[in-house]
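The values are calculated or read from the model by the stated rules, or taken from the named source; none is laboratory data. On a predicted model such as this, the values are computed, not experimentally measured, just so you know. Neighbour counts are summed over all protein chains in view; Cβ atoms, including those assigned to glycine, are modelled from backbone coordinates with ideal geometry.
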Amino acid sequence: MSNPLLDTPDLPAFDRIAPEHVEPAIEQILSDNRATIDTRLAQGAPFTWDNFVAPMEALEDRRDRAWSPVSHLNAVVNTPELRAAYETCLPKLSDYSTDLGQNEALFAAYRAVSERDDFEALSVEQRRVVENAIRDFRLAGVDLPHDDKAQYKRLKSELSQLTTRFANNLLDATNAWSLDIEDESRLAGLPDSARAMFRDAAEREGIRGWRVTLQMPSFLAVMTHAEDRSLRETIYEAFVTRASDVGPHAGEWDNGPVMERILAIRHELAQLLGFDNYAQRSLVTKMASDPAEVLTFLRELAGQAVPRARDELAELEAFARDAGGPDTLRPWDIAFYAEKMRESRYAISQEQLKPYFPADRVVEGLFAVVGRLFGIRVRERTDAPTWHRDVRFFEIEDRDGQPRGRFYLDLYARAHKRGGAWMAGAIQRRRRPDGGIQQPAAFLTCNFTPPVDGNPALLSHDEVTTLFHEFGHGLHHLLTQVDTAGVAGISGVAWDAVELPSQFLENWCWEREALDLFARHHETGEPLPQELFERLRASRQFQAGMQMVRQLEFSLFDLLLHQDYDPATGARIQETLDEVRRSVAVIEAPAYNRFQHGFAHIFAGGYAAGYYSYKWAEVLSADAWSRFEEDGVFNERTGADFLVHILERGGSEDPMTLFRAFRGRAPSIEPLLRQHGIVNAPDHHP
């Protein structure tokens, strides 16, 4: 029987992939790749794009085509067998990457390509791939002495396993906790949709009553609507102590030692390469020049946002006291009273909006919005194998009917699925040896409340915004016109620019013209009433200061944790977080709060010493959006310019060059501050 991971079908054969296929396929591909590289290097010069770099891209594509579906399945249908197969392959893949990165003959071959007389005749994209490769060889330790190379390799292998252990601990701790409720009075304040979700969770387990879990839809429903303050505190404590040394499962999946070791390894890797700390190492591949520039940026934003956030908290506490609440709000009170205050101030709530956002119609509306903006058409296919009955598959065509990309859409939360929302590349666009183009594919994953009791899934406006955000990432990957895989789509994009398209697309969730394409009541078909829309728009800046300082807290904690690491004192994780909170946080966290133990972005994802990227890219996205404010939110020429200069160019050029090409100037921070209502600035009108 053939191994589906060794075949090269147009799309992954999810209906045939089994855990026992993983290790044999990866071992064979890595072995084949090593042999092919050795043979090519033995042949010697000349090394050119066509006879060397392009074939290297093909080898990496074969590896990625096998590993990408395995990595994705491990995140969305995690089973013990799949997890074991996945983890067995991690050190093999890490060793392979490090061996290539430290291969001096391979490095010399790339340099030979860059030193050829005809190097400048290569395309911009091709030159950037070669230049990035040379940079990455140095970042992989190609220049290190033999013993240091060996140490680097050992550390990289251990690090890959530790980051996976962090994610596994968090997933297991999230799945392990639940609260079964038989007294319905404890659910006072919760909407019918949340009660139905809890009842469905209980019925699936054969339990009477209602089951509350730590899946995000369940957690948010309780924190936002439950009148029972003790229930809110109970689920808050369970959530913020996941995978830690305290809380309901204290010590069972403790990420504390894992974080300590991850930070120690990153620091040692950075020092092996000649950097003072990992923050310096991280910024080599980003727009920002050094940690000092990032800290200045974050602290300047904090200077604007913290006073606003303090005023907002004082207003919220006054509102809560007037409503008969506590004199001092604790973290488990914030979302509850914020929603009450939003309802009081703007006569609007997330629950009031949900009937106008049935999930299927929102998806159709999203496609209509990007169709008007970028001249593309999205159509569903039902013949592609998937991993779950809820998963849908779509193709994108341009205005001429030419294919541009494909994507899987997995919207709903479920057990054994990693929390959060993300886009990941499934297949890279690249030019094949026969001259044809390999069309890209992507995974778009969310964790929304699933449909229950035969009713359609209804999204909150926040969830609508999340869907638009992730699809912005998807368009960046799928609409690329770059044919060299190393800089196609999101590949090769500076990490602090990669959030530009995603944050940018969120803006249409607040525009009447866009909402008219999909915001209709799921029962009556009535469009979102104008007065409700106006209240929604008015609420956009509600508690914007508190939201910003929360992101600044995460960003500063991440950067300082990696910049200030000292082997003599260890990571000082809690101390660093406490210091950051004293400088920017306006809500005091309880002593048991272990937020860091679940901070997967930096300990299991790609944001280490880079979480600031969300705010950095938000400056770019707000300024890009301001051009649409000036020209019209569906201005055809402006949409075409964003498509051509940002979405289609991927990582082929410096992101500042691409931004200037679209905006006509360097980015300004003023649109971001105005968007958050932190400074008063004149409105732009089309």
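Evaluated against (1) surrounded by fewer than 21 Cβ atoms within 10 Å (Cβ to Cβ); (2) under 24 Å from Trp332 (Cα atoms), Arg204 falls short on exactly one condition, (2).
Count of region 25-41 residues, restricted to those that are within 30 Å of the chain's Cα centre (by Cα) and loosely packed, with under 15 Cβ neighbours inside 10 Å, is 1.
When Ala167, Ala196 are checked against the criterion of being surrounded by 19 or more Cβ atoms within 10 Å (Cβ to Cβ), of a type in the set (A, V, I, L, M) and touching a residue at least 60 places away in the same chain (Cβ under 8 Å), Ala167 stands alone in meeting it. The criterion of at least 2 residues that are among the β-branched types (Val, Ile, Thr) is met, among helices (runs of 4 or more DSSP H) falling completely within region 329-394, by 359-374.
Okay, residues lined up against (1) under 20 Å from Gly474 (Cβ atoms); (2) surrounded by fewer than 17 Cβ atoms within 10 Å (Cβ to Cβ):
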| position | (1), (2) |
| --- | --- |
| Glu588 | no, yes |
| Arg594 | no, no |
| Ser613 | yes, no |
| Leu647 | yes, no |
| Arg674 | no, no |
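Would a scan of region 108-116 turn up a residue that is assigned to a loop (DSSP other than H, G, I, E, B), under 27 Å from Lys286 (Cα atoms) and either of a type outside the set (Asp, Glu) or modelled with pLDDT under 95 (or both)? No, the conditions are met nowhere in region 108-116. Scanning region 296-308 finds no residues that are more than 30 Å from Leu187 (Cα to Cα), without any contact (Cβ under 8 Å) to a residue 60 or more places away in the chain, within 25 Å of the chain's Cα centre (by Cα) and not in a helix (DSSP H, G or I). Of note, Arg379 satisfies the criterion of being within 23 Å of Ala514 (Cα to Cα), modelled with pLDDT of 95 or more and charged (D, E, K, R). In region 12-24, of all residues being in a loop (DSSP other than H, G, I, E, B), in contact with a helix residue (DSSP H, G or I) (Cβ under 9 Å, 6 or more places away or on another chain) and in contact (Cβ under 8 Å) with a residue 12 or more places away in the chain, the one that is surrounded by the most Cβ atoms within 10 Å (Cβ to Cβ) corresponds to Pro12.
One line per residue, one yes/no per condition, for (1) more than 30 Å from Ala194 (Cα to Cα); (2) out of contact with any helix residue (DSSP H, G or I) (no Cβ under 8 Å at 6 or more places or on another chain):
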{"residue": "Asp400", "(1), (2)": "yes, yes"}
{"residue": "Arg414", "(1), (2)": "no, yes"}
{"residue": "Met423", "(1), (2)": "no, no"}
{"residue": "Gln503", "(1), (2)": "no, no"}
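Scanning region 598-624 for residues that are touching an Asp or Glu at 6+ places or on another chain (Cβ under 9 Å) and of a type in the set (A, V, I, L, M, F, W, C) yields Phe599, Ile602, Ala608, Ala609, Trp616, Ala617, Leu620, Ala622. Tell me yes or no: at least one residue of region 228-235 is under 19 Å from Gln574 (Cβ atoms), touching a strand residue (DSSP E or B) at 6+ places or on another chain (Cβ under 9 Å), modelled with pLDDT of 95 or more and surrounded by fewer than 22 Cβ atoms within 10 Å (Cβ to Cβ). Among the residues of region 228-235, not one is under 19 Å from Gln574 (Cβ atoms), touching a strand residue (DSSP E or B) at 6+ places or on another chain (Cβ under 9 Å), modelled with pLDDT of 95 or more and surrounded by fewer than 22 Cβ atoms within 10 Å (Cβ to Cβ), which makes the answer no. Considering His476, His522, the condition of being assigned to a loop (DSSP other than H, G, I, E, B) and either surrounded by 22 or more Cβ atoms within 10 Å (Cβ to Cβ) or not acidic (Asp, Glu) (or both) is satisfied by His522 alone. Just one of the numbered conditions (1) buried (at least 21 other Cβ atoms within 10 Å of the Cβ); (2) within 16 Å of Trp508 (Cβ to Cβ) is not true of Glu636: (1). Picking from residues in region 316-327 that are assigned to a loop (DSSP other than H, G, I, E, B) and touching a helix residue (DSSP H, G or I) at 6+ places or on another chain (Cβ under 7 Å), the one that is surrounded by the most Cβ atoms within 10 Å (Cβ to Cβ) is Gly325. Do we find that Phe533 is out of contact with any strand residue (DSSP E or B) (no Cβ under 8 Å at 6 or more places or on another chain), of a type in the set (Phe, Trp, Tyr) and free of Cβ contacts under 8 Å to residues at least 24 places away in the same chain in this structure? Answer is yes for this residue. Selection of region 570-589 for residues being closer than 21 Å to Thr328 by Cβ, more than 25 Å from the chain's Cα centre (by Cα) and outside any loop (DSSP other than H, G, I, E, B) yields Asp578, Arg582, Ser583. For region 84-103, the condition holds for at least one residue, the condition being that it is surrounded by fewer than 17 Cβ atoms within 10 Å (Cβ to Cβ), part of a helix (DSSP H, G or I) and either small (Gly, Ala, Ser) or in contact with a His (Cβ under 7 Å, 6 or more places away or on another chain) (or both). Tell me, which residue of region 597-611 that is buried (at least 21 other Cβ atoms within 10 Å of the Cβ) and aliphatic (A, V, I, L, M) is farthest from Pro671 (Cα to Cα)? Out of the qualifying residues, it is Ala604. Here Leu6 fulfils each of the conditions (1) of a type in the set (A, V, I, L, M); (2) surrounded by fewer than 17 Cβ atoms within 10 Å (Cβ to Cβ); (3) out of contact with any helix residue (DSSP H, G or I) (no Cβ under 6 Å at 6 or more places or on another chain) apart from (3).
When region 265-295 is filtered for residues that are of a type in the set (A, V, I, L, M, F, W, C), assigned to a helix (DSSP H, G or I) and crowded, with 16+ Cβ neighbours inside 10 Å, the ones remaining, listed by number, are Ile265, Leu269, Ala270, Leu272, Ala279, Leu283, Val294, Leu295. If a residue has to be farther than 22 Å from Asn447 by Cβ and either without any contact (Cβ under 8 Å) to a residue 40 or more places away in the chain or aliphatic (A, V, I, L, M) (or both) to count, how many in region 385-410 make the cut? Residues that pass the stated criteria total 9.
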